[in-house]
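J.: Have a look at the structure that comes next, please.
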Amino acid sequence: MNKSQNSRKTNLFIILGSIFLTNAILAEIIGVKIFSAEKTLGFDPVNWTFFGEYLLDFNLTAGAVIWPVVFITTDIINEYFGKKGVKKISFLTAGLIAYAFIVISVVTALTPADFWLDVNATTPDGESFDISYAFNTIFRQGLGIIIGSLTAFLLGQLIDVYVFQKLRAVTGENKIWLRATGSTLVSQFIDSFVVLGIAFYVFGNWSLSQIVAVGIMNYIYKMTVAIVLTPLLYLAHGVIDRYLGKELAEEMIEEASENKAFF
């Protein structure tokens, strides 16, 4: 591999890794907000009932909005850099997510300045407002949620890369949609339930049926978006192939497919 090819390969990993890392960290931080997908789109809540007990709508975390970008980036990194590339960026991202939570914990423990509280003591409508309480409430997340998120993230990434490589062994270079959607189908099923189980069952007070009900709703959303965004995967593949050149792209894809072990 000549210097120019090596530079393009390195640049590609930096770009993909940056997109992956940025969206994963943002998704974790903004995930504390729960929004109504139906009302956002101007529809009435679906009011589905699960197990004859829980009434559920498409109420999702804000992090779910950008999490599909992580799906797509994972599949692209897997396609060109294989398991080694996905593991490298996944463990780096997990470490930085943990670092972000530590920094947030320290920052929210700082004593707020009096003038900051005074100038933000009221809302535009004149109602009393405690900005320090609001700041801490928004950014702080419980230990269970942090542990659940990191565990589900890493487990989901390892399963995704493993299934992706197994499907590629069957499909070859064709049917990108099958290995991308198939790997997401399996990995996000695990992710959806692991994060809820650890955060709200092991560390929280949710019942098992509630975990299953909410997990199903989250899984439906993730898979729907993953399927809808499949054309974007082909677009990205075409742009990257042109950037790398046919020879280098084929060489990287071939090298990426060699390691099929789970870990």
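The values are calculated or read from the model by the stated rules, or taken from the named source; none is laboratory data. Not measured: the values here are computed from a predicted model. We place every Cβ from the backbone using ideal geometry, glycine too, and count neighbours over all the protein chains shown. Side chains are part of the model used for accessible areas, which takes the heavy atoms of the whole protein and leaves out ligands, DNA and RNA. Shrake-Rupley method; radii C 1.70, N 1.55, O 1.52, S 1.80 Å.
J.: Working carefully through the options E254, E258, find the one that is among the acidic types (D, E), open to solvent by 80 Å² or more (accessible area, probe 1.4 Å) and either in a helix (DSSP H, G or I) or modelled with pLDDT of 85 or more (or both).
T.: Only one candidate passes the filter, namely E254.
J.: Does S128 satisfy being modelled with pLDDT of 90 or more and in contact with a Phe, Trp or Tyr (Cβ under 9 Å, 6 or more places away or on another chain)?
T.: In short, no.
J.: Mind listing whichever residues of segment 176-196 are aromatic (F, W, Y) and at pLDDT below 85?
T.: W177
J.: Okay, moving on. Considering every residue within segment 53-71, establish whether at least one is at pLDDT 90 or above, out of contact with any Ser or Thr (no Cβ under 9 Å at 6 or more places or on another chain) and either assigned to a strand (DSSP E or B) or of a type in the set (D, E, K, R) (or both).
T.: no
J.: Restricting to segment 173-214, what's the tally of residues that are open to solvent by 40 Å² or more (accessible area, probe 1.4 Å) and part of a helix (DSSP H, G or I)?
T.: So the answer is 12.
J.: Still on this model: So for segment 88-105 (the condition being farther than 30 Å from T10 by Cβ, among the charged types (D, E, K, R) and at pLDDT 90 or above), does at least one residue qualify?
T.: There is no residue in segment 88-105 that is farther than 30 Å from T10 by Cβ, among the charged types (D, E, K, R) and at pLDDT 90 or above.
J.: Within segment 164-172, does at least one residue satisfy the condition of being modelled with pLDDT under 90, on the phi > 0 side of the Ramachandran plot and open to solvent by 50 Å² or more (accessible area, probe 1.4 Å)?
T.: No - not one qualifying residue is present in segment 164-172.
J.: While we're here: Given the residues A213, A249, A180, A226, which is the only one that is in contact (Cβ under 8 Å) with a residue 60 or more places away in the chain and in contact with a strand residue (DSSP E or B) (Cβ under 6 Å, 6 or more places away or on another chain)?
T.: Answer to the selection: A213.
J.: Next up: Could you say whether any residue in segment 221-232 is open to solvent by 70 Å² or more (accessible area, probe 1.4 Å), polar (S, T, N, Q) and assigned to a helix (DSSP H, G or I)?
T.: Yes, segment 221-232 contains at least one residue that is open to solvent by 70 Å² or more (accessible area, probe 1.4 Å), polar (S, T, N, Q) and assigned to a helix (DSSP H, G or I).
J.: Restricting attention to segment 233-246, which residues are open to solvent by 70 Å² or more (accessible area, probe 1.4 Å) and modelled with pLDDT of 90 or more?
T.: Within segment 233-246, L235, V239, R242, Y243 qualify.
J.: Read through the list (1) of a type in the set (S, T, Y); (2) modelled with pLDDT of 90 or more; (3) assigned to a helix (DSSP H, G or I); (4) open to solvent by 40 Å² or more (accessible area, probe 1.4 Å), then give the number of the only condition that T111 fails.
T.: Every listed condition holds for T111 apart from (3).
J.: Out of segment 135-163, which residues are among the hydroxyl-bearing types (S, T, Y) and either in contact with a Pro (Cβ under 6 Å, 6 or more places away or on another chain) or open to solvent by 20 Å² or more (accessible area, probe 1.4 Å) (or both)?
T.: T137, T151, Y162
J.: Mind checking which residues of segment 8-52 are among the charged types (D, E, K, R) and either open to solvent by 60 Å² or more (accessible area, probe 1.4 Å) or over 11 Å from the mean Cα position of the chain (by Cα) (or both)?
T.: Hits for segment 8-52 are R8, K9, K33, E38, K39, D44.
J.: Conditions: (1) open to solvent by 70 Å² or more (accessible area, probe 1.4 Å); (2) farther than 22 Å from V225 by Cβ. V65 meets all but one. Number of the miss?
T.: (2)
The rows are residues; the columns are (1) touching a residue at least 24 places away in the same chain (Cβ under 8 Å); (2) open to solvent by less than 30 Å² (accessible area, probe 1.4 Å); (3) touching a Leu at 6+ places or on another chain (Cβ under 6 Å); (4) outside any helix (DSSP H, G or I).
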{"residue": "Y80", "(1), (2), (3), (4)": "yes, yes, no, no"}
{"residue": "A94", "(1), (2), (3), (4)": "yes, yes, yes, no"}
{"residue": "W116", "(1), (2), (3), (4)": "no, no, no, no"}
{"residue": "Y133", "(1), (2), (3), (4)": "no, no, no, no"}
